[in-house]
1. Between residue 255 and residue 190, how many nm apart are label points set 7 Å from Cα along the C-beta direction?
2. Could you tell me which residue out of 159, 137, 191 lies farthest along the dipole of the range 124-261 toward its positive end? Charges go on the beta carbon: Lys and Arg +1, Asp and Glu -1, centred on the Cα centre.
3. What's the tally of Lys pairs in the chain whose alpha-carbon atoms lie under 28 angstrom apart, where the two lysines are 8 or more places apart or on different chains?
4. Just to confirm my numbers, what's the Cα centroid distance between the range 28-60 and the range 204-263 in Å?
5. Expressed as a fraction of 2.2 N^0.38 Å, the rule-of-thumb size for a compact globular protein of N residues, what is the C-alpha radius of gyration of the range 124-261?
6. Relative contact order (percent) for the chain, with alpha-carbon contacts under 8 angstrom and 6 or more residues of separation?
7. Count charges around residue 28 for me, please; just the other residues with Cβ under 11 Å from its Cβ, Lys/Arg as +1, Asp/Glu as -1.
8. For the range 97-160, which GluC sites (Glu not before Pro) pass both filters: DSSP loop (anything but H, G, I, E, B) and at most 13 other C-beta atoms within 10 Å?
Amino acid sequence: MRAVLVDEPGDETHLRIGDAPVPELGPGEIRIRVAATAVNRADLLQRQGMYPPPPGASEILGLECAGEVAEVGEGVSGWSPGDRAMALLAGGGYAEEVVVHAGSAMPVPERLSLEQAAAVPEVFLTVFLNVFQLGALPEGGAVLVHGGGSGIGTAAIQLVKAAGGRIAVTAGSEAKCQRCFELGADLALNYRSGDFSQEVKAWTSGHGVDVVLDHIGAPYLEGNLKSLAPGGRLVLIGLMGGAKAEINLGALLVRRQHVIGSTLRARPVEEKAAIVAGFLERFGPDLAEGRIAPVVDAVLPLQAVADAHRRMQASDHFGKLVLTMR
């Protein structure tokens, strides 16, 4: 089958289209004929040799996909060949076929194209897990999300607003801030212009937000904790800015705050199935009826994968970058 291959770790010039073995189908799994996949920052890290796949996962890049079910494994119910499916993957999305545990797949709503659907699983499930499950966002609560113009950020804005909450985001330009406002953000801050924590505290009348979702890490730690309300939760999902920082444990104790580290890729398939089921129960109708939808910046052919990685690295996009097999 055709797939994107990485001969050795390095920059995007090390990506090439080649032939890869067709993955074997096991019990409890479905085979998806991939129509489209989407680019995530984790793909860039893996390409550089900094984020290897979990044991047993495909070495091929790609954490999500959408397409048609081609084959159903032993013990699988609820899926049939020809069904449209979108799936959360531990790897393998940059290829013509994937196999995935049936619990990690979701039906594609009629109103979504397969290219749009490919931009759903990784970011919407990440936000659901980290803001609503681990972050325990209360009804009417407030959230701060960094990278409002990213796939995670655009998904977070929509999910938080659909749940009746309030959301502040940071972004790297006034233009991106304006687009975040148009998408539904209550506050959008250009992180190049000053201390986001002061603006967030003012926005919340000094109280702070209930949840902070952060992928930057060390440089934002102090500001994130200042932005949190007493009892609030900081959920770390990335370390783009660094992994080591000092923390005032006394302030953490007094304010009863939580610091939570979270990843999705390496979780057992049973946990992923529970996350998928929880998302569909709470937000499935919103997705089916168009109240939430992926924000797709561009759909590029698989042959343009290097260009897609360059655009992701430069943050030269708003929402998701999709690769189509067509």
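1. Between residue 255 and residue 190, the simple spin-label model gives 2.7 nm.
2. 137
3. 12
4. One Cα centre to the other: 29 Å.
5. Numbers: Rg = 13.4 Å, N = 138, 2.2 N^0.38 = 14.3 Å.
The value comes to 0.94.
6. Values: 731 pairs, mean separation 60.1, N = 326.
Here the relative contact order equals 18 percent.
7. Working: positive: none; negative: 29, 74, 270.
Spelling it out: positives minus negatives among the neighbours equals -3.
8. Values: sites: 97, 110, 115, 122, 139; in loops: 110, 139.
Loop-located and lightly packed - 110, 139.
Since every read-out is calculated from the coordinates, none of them should be taken as a lab result. This is a predicted model, so every value here is computed, not measured. Ideal geometry is used to build each Cβ from the backbone, glycine not excepted, and the neighbour counts take in all protein chains shown.
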